[in-house]
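Data first, discussion second: the structure below is written as structure tokens.
The values are calculated or read from the model by the stated rules, or taken from the named source; none is laboratory data. Remember, it's a predicted structure, so these values are computed and weren't measured experimentally. As a convention, Cβ positions derive from the backbone with ideal geometry for all residues, glycine included, and neighbour counts pool all protein chains shown.
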2 protein chains.
Amino acid sequence: MAEGERAEELLDLVETNDLTGIRLWLAEHRPYEIADELSRMAEGQATIPFRLLDKDRELEVFEELDPAQQQSILLGLRDHAFQELLEEMDPDDRARLLGEVPAKIATRALAGLSPSERRMTAALLGYPENSVGRYMTPETVILHRDLTVSRALEVVRAKGADVENIYTLPVVSDGRRMVGTVALGDLVISEADRLLKDVVDVFAPRVRAYESVESAARLMQEANLVALSVVDSEERFVGMLTFDDALEVIEAADTEDMARQSGASPVSDHYVSVSVLRLVGARAVWLMVLLVAATLTVNVMQAYEATLEQVTALALFVPMLIGTGGNVGAQSATAIVRALAVGEVRVRDLPRVLWKESRVGFMLGLTLAVLALGIGSFLVGTTIASVVACTVIAICTWAAVIGSAMPLLANKVGVDPAVVSSPMVATLVDATGLIIYFSIARMILGI
Amino acid sequence: MAEGERAEELLDLVETNDLTGIRLWLAEHRPYEIADELSRMAEGQATIPFRLLDKDRELEVFEELDPAQQQSILLGLRDHAFQELLEEMDPDDRARLLGEVPAKIATRALAGLSPSERRMTAALLGYPENSVGRYMTPETVILHRDLTVSRALEVVRAKGADVENIYTLPVVSDGRRMVGTVALGDLVISEADRLLKDVVDVFAPRVRAYESVESAARLMQEANLVALSVVDSEERFVGMLTFDDALEVIEAADTEDMARQSGASPVSDHYVSVSVLRLVGARAVWLMVLLVAATLTVNVMQAYEATLEQVTALALFVPMLIGTGGNVGAQSATAIVRALAVGEVRVRDLPRVLWKESRVGFMLGLTLAVLALGIGSFLVGTTIASVVACTVIAICTWAAVIGSAMPLLANKVGVDPAVVSSPMVATLVDATGLIIYFSIARMILGI
């Protein structure tokens, strides 16, 4: 926490415009710590400390920032400094940044780049957003399969200084056709006169540049890869996806899933630097949809108004019952959404999952019914309590089935299962749960 | 998805006991794909395909499995095969496995190890669960700062073949005191006669073995590290935390957070292989607590029973209002829990967060109130509708404050903020929201 203590100071220093203090603070912190603090600042505030950075650390800090933050810093720089920074960025980071800025700025920025950097960036920008192509780095040391180990190491020595990743090196045959990869560590350890084709790992996974970057990142996680080869449709090597980009993709995807789970659109910026209006915008739409959907519950209550007037005590348990149904549904939905995201459950598991969840729901219902019977009997007598207890069993089973079926069905029709949020499941279970409740009440009470 | 298609077959092959088919399937798949399929099997089922694996792939597949799955496979093996497998595992994986099996098995297993492996494992087992010490690998190539680059490469060549990670190498002074790290890539590129002390990155972050492995993993993610040095309290090098273990830790932590967010205890195994009873166990406790807490809503409803009898129409909107409050609270809680987990928000941000969320809640309330006024006027007339609309504004503001304050307060008193689940926030907001509703109703209706 000592880090947190001192980190907070940068904002104070910026707010009091203490330039000497800022310089000192910057000198004492690591690039990613500096980037972390800059991310927490409001628009415009980050430019001052950024300009005070040493030239050689500027780039390192800049590359750690989100594209939105990068953009706001770039706009605060003079044209010359702007172009210089852009020229030095890794091509994949640059492509992602330019993909998000207004087209006019992007065109001007591209025009200012050196020809080779421009070519690389334009190529990456040709791939769709969220594809592997946008995130891979084309700069790497490519080795031909006919090289010897010692010759390959010479190539690495000659070309390796400028590239982002040389942990895992692509090995190709003629025409850049992918053969496999070799780890730098294996090159170092192997005998000098062996041929690369005898050392290369031909089973190393590879992905196409047009594939989803999230699935590629999850593959790297499953297969414990530092870097993943990317090929075009003719199996020619085009770039490497590195673990730091994969980690970022996974973190962003998980954050998005969590936001969606609570019925909010994901906001990609740091929480602290996001404006109130953007937060409202991200959350309002689903809330409005859910409120309109909740009109159903009003309709159901109206339909049973006569029953309610006869036995007012029934109204007392409405919040508890729909709350419990919502909770059980949310648990099932969350479990299935996550299991789908990390690949533990597949769409074809639907029948198996439903059978499992309905049993889980029924047993949870039985457990809770005992509790509800006790509480109900104490508060309003055994008759109403037994209505409540029976309803609990039915609602829990129903909620578990609905909660687990919805994400799987969403996935089946090609919708991201994470949009099946807990609030959505809860709202659906609320209305149907009330029908179950009043039907059981009428049956048991004979009205 | 073609992978998924064929993957499913292994289970079918195992169920029909088709040994030839299993052998073929295994030969065609990569270790992590095989591990993924084994994880989806019920207890005991995985032993058959595992025994059919080639000896040299056995270990690779085994290390990809969860400790629980590893345990069930180990118990299915004969004593000899059991010890052989254990001897070959990485020390950190072995320590994690032995930390979870019954003490009797662990002791017997430890006794069967070779002295050097036993020493390493016992050392790791000495660190607390969930500490960096349990996850780090002690096997690495340690370089002295006075070596030249070429001499260092010779050391890597001599000792590097047996160790898990040689991407990032620790550089130490006398007495194993940590100086910094050097990337293998930098060693390869640097001139042969330079001294390590001129090449070493002395700013490379390091952590203590007793620290939480989750924060260490998040640090690696932030700083884009392939490996993180671990030191003891006297700054002596003791091991390396590698990115694959860090990734696993982060994935598990995120899965746990998501489960907790929905009010369920985390279940560490694959969803498909977990029994119904374990799922019930993981979910029942919180549901019971929440059901008892929901008794509060029954009490509140009882307290206002007279009001309800006078104006039955008020009851119609109870589900909609508490649903909306729960949704707003869940959004805020989820946003803050995630922001805390990835380090975007700190405990000291509490006042700032509350101020922001109360404005967000108020504006969401205003938006939803307009909708509610329309729906209510149409269904039951403007008087009740205006009660509902005013309540929506109040409840949304209140829910956003409660939802954001609870995780921060939990963190402040040292409780994992992720236990502040959406259902918990919803239940709290339900009861208080009803009081708000009936108070406003009495005021406006003059009863």
Review point. Among the residues of the range B:322-341, which ones are more than 25 Å from the chain's Cα centre (by Cα) and more than 7 Å from chain A (Cβ to nearest Cβ)?
Key: B:325
Check your understanding: Does residue B:202 satisfy the criteria of being outside the structural domain of residue B:406 (by TED's automatic domain parsing), surrounded by fewer than 18 Cβ atoms within 10 Å (Cβ to Cβ), over 18 Å from residue A:250 (Cβ atoms) and of a type in the set (Val, Ile, Thr)?
Key -> yes
Review point. If you go through the range A:293-305, how many residues are closer than 16 Å to residue B:374 by Cα, in contact with a Leu (Cβ under 8 Å, 6 or more places away or on another chain), at the interface with chain B (Cβ under 7 Å from one of its Cβ atoms) and not polar (S, T, N, Q)?
Key: 1
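Which one of these is under 22 Å from residue B:27 (Cα atoms) and surrounded by fewer than 22 Cβ atoms within 10 Å (Cβ to Cβ): B:64, B:87, B:58? Talk me through it step by step, then tell me what you get.
On the way: B:64 fails: surrounded by fewer than 22 Cβ atoms within 10 Å (Cβ to Cβ); B:87 fails: under 22 Å from residue B:27 (Cα atoms).
It is B:58.
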Study note, to complete from the structure: Counting only residues in the range B:392-432 that are surrounded by 24 or more Cβ atoms within 10 Å (Cβ to Cβ) and hydroxyl-bearing (Ser, Thr, Tyr), the one farthest from residue A:263 (Cα to Cα) is identified as B:427
**Study point:** Residue among A:81, A:109 that alone is of a type outside the set (Lys, Arg) and surrounded by fewer than 20 Cβ atoms within 10 Å (Cβ to Cβ)
**Key:** A:81
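Pull up the range B:406-433, narrow it to residues that are among the polar types (S, T, N, Q) and closer than 18 Å to residue B:358 by Cα, then point me to the one that is nearest to the other protein chains (Cβ to nearest Cβ). Don't jump to the end; show me each part of the working.
Quick first cut of the range B:406-433, residues among the polar types (S, T, N, Q) only: B:411, B:421-422, B:427, B:432.
In the following step, the residues that additionally are closer than 18 Å to residue B:358 by Cα were identified as B:422, B:432.
On the way: B:422: 6, B:432: 12 Å.
Restricting to residues being among the polar types (S, T, N, Q) and closer than 18 Å to residue B:358 by Cα, the top hit is B:422.
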Exercise for review: Determine if the range A:232-247 includes at least one residue that is within 29 Å of the chain's Cα centre (by Cα), in a loop (DSSP other than H, G, I, E, B) and facing another protein chain (nearest Cβ under 8 Å).
Suggested key: no
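Looking at this structure, is residue B:324 assigned to a helix (DSSP H, G or I), surrounded by 22 or more Cβ atoms within 10 Å (Cβ to Cβ), touching a Cys at 6+ places or on another chain (Cβ under 8 Å) and in contact (Cβ under 8 Å) with a residue 24 or more places away in the chain? Give the derivation first.
Working: assigned to a helix (DSSP H, G or I): yes; surrounded by 22 or more Cβ atoms within 10 Å (Cβ to Cβ): yes; touching a Cys at 6+ places or on another chain (Cβ under 8 Å): yes; in contact (Cβ under 8 Å) with a residue 24 or more places away in the chain: yes.
It is true that residue B:324 is assigned to a helix (DSSP H, G or I), surrounded by 22 or more Cβ atoms within 10 Å (Cβ to Cβ), touching a Cys at 6+ places or on another chain (Cβ under 8 Å) and in contact (Cβ under 8 Å) with a residue 24 or more places away in the chain.
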Check your understanding: From the list A:193, A:186, A:198, which one is part of a loop (DSSP other than H, G, I, E, B) and of a type in the set (Asp, Glu)?
Key -> A:193
Revision key, fill the gap. Among residues of the range B:263-295 being touching a Phe, Trp or Tyr at 6+ places or on another chain (Cβ under 9 Å) and in a loop (DSSP other than H, G, I, E, B), the residue surrounded by the fewest Cβ atoms within 10 Å (Cβ to Cβ) is B:265
Practice item. Scan the range A:191-214 and give yes if some residue there is under 25 Å from residue B:247 (Cβ atoms), free of Cβ contacts under 8 Å to residues at least 40 places away in the same chain, within 13 Å of another protein chain (Cβ to nearest Cβ) and among the polar types (S, T, N, Q), otherwise no. Key: no
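If you scan the range A:306-321, which residues turn out to be facing chain B (nearest Cβ under 7 Å) and either of a type in the set (Phe, Trp, Tyr) or not in a helix (DSSP H, G or I) (or both)? Quick ask: steps written out before the conclusion?
Here is the first cut: in the range A:306-321, the ones facing chain B (nearest Cβ under 7 Å) are A:308-309, A:312, A:315-320.
Of everything in the range A:306-321, those that are facing chain B (nearest Cβ under 7 Å) and either of a type in the set (Phe, Trp, Tyr) or not in a helix (DSSP H, G or I) (or both) turn out to be A:312, A:317.
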Practice item. Kindly list, by first and then second residue, each pair from a residue in the range B:222-237 that is modelled with pLDDT under 95 to a residue that is surrounded by 20 or more Cβ atoms within 10 Å (Cβ to Cβ) and among the basic types (Lys, Arg), limited to pairs with Cβ atoms under 8 Å and residues at least 6 apart or on different chains. Key: none
Check your understanding: For the range A:223-236, what are the residues that are farther than 18 Å from residue A:90 by Cβ and crowded, with 21+ Cβ neighbours inside 10 Å?
Key -> A:225
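Kindly check whether there is at least one residue in the range A:213-230 that is under 30 Å from residue B:320 (Cα atoms) and within 17 Å of the chain's Cα centre (by Cα). Outline the logic, then answer.
Step one: filter the range A:213-230 for residues under 30 Å from residue B:320 (Cα atoms), giving none.
Within the range A:213-230, not a single residue is under 30 Å from residue B:320 (Cα atoms) and within 17 Å of the chain's Cα centre (by Cα).
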Exercise for review: Given the conditions (1) crowded, with 23+ Cβ neighbours inside 10 Å; (2) under 21 Å from the mean Cα position of the chain (by Cα), report the number of the one that residue B:372 does not fulfil.
Suggested key: (2)
Review point. What number of residues within the range B:342-371 are within 9 Å of chain A (Cβ to nearest Cβ) and more than 22 Å from residue B:403 (Cα to Cα)?
Key: 1
Review point. Which ranges mark the helices (runs of 4 or more DSSP H) fully within the range A:64-165 that have 2 or more residues being among the aliphatic types (A, V, I, L, M) and not assigned by TED's automatic domain parsing to the domain that holds residue A:209?
Key: A:67-75, A:79-88, A:91-100, A:103-111, A:115-125
Review point. Which one of B:427, B:367, B:391, B:397 is in a helix (DSSP H, G or I), without any contact (Cβ under 8 Å) to a residue 12 or more places away in the chain and over 30 Å from residue B:217 (Cβ atoms)?
Key: B:367
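Counting just the residues of the range B:19-49 that are among the basic types (Lys, Arg) and touching a residue at least 24 places away in the same chain (Cβ under 8 Å), which one comes out farthest from residue B:278 (Cα to Cα)?
Here the answer is B:23.
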Practice item. Look at residue B:253 and say whether it is more than 30 Å from residue A:324 (Cβ to Cβ), in a helix (DSSP H, G or I) and within 13 Å of chain A (Cβ to nearest Cβ). Key: no
Review point. Which helices (runs of 4 or more DSSP H) sit wholly inside the range B:1-50 and have at least 1 residues that are exposed (fewer than 15 other Cβ atoms within 10 Å of the Cβ) and modelled with pLDDT of 85 or more?
Key: B:19-28
Exercise for review: Among what's in the range B:372-387 and is of a type in the set (A, V, I, L, M, F, W, C) and within 10 Å of chain A (Cβ to nearest Cβ), pick the residue that is nearest to residue B:314 (Cα to Cα).
Suggested key: B:380
Check your understanding: Name the residues in the range B:184-199 that are crowded, with 20+ Cβ neighbours inside 10 Å and in contact with a Ser or Thr (Cβ under 8 Å, 6 or more places away or on another chain), would you?
Key -> B:184, B:196, B:199
Check your understanding: Could you give every pair whose Cβ atoms fall below 7 Å, whose first residue belongs to the range A:85-102 and is farther than 17 Å from residue A:127 by Cβ and without any contact (Cβ under 8 Å) to a residue 40 or more places away in the chain, and whose second residue is among the aromatic types (Phe, Trp, Tyr) and crowded, with 21+ Cβ neighbours inside 10 Å, counting only separations of at least 6 or pairs across chains?
Key -> A:85/A:62
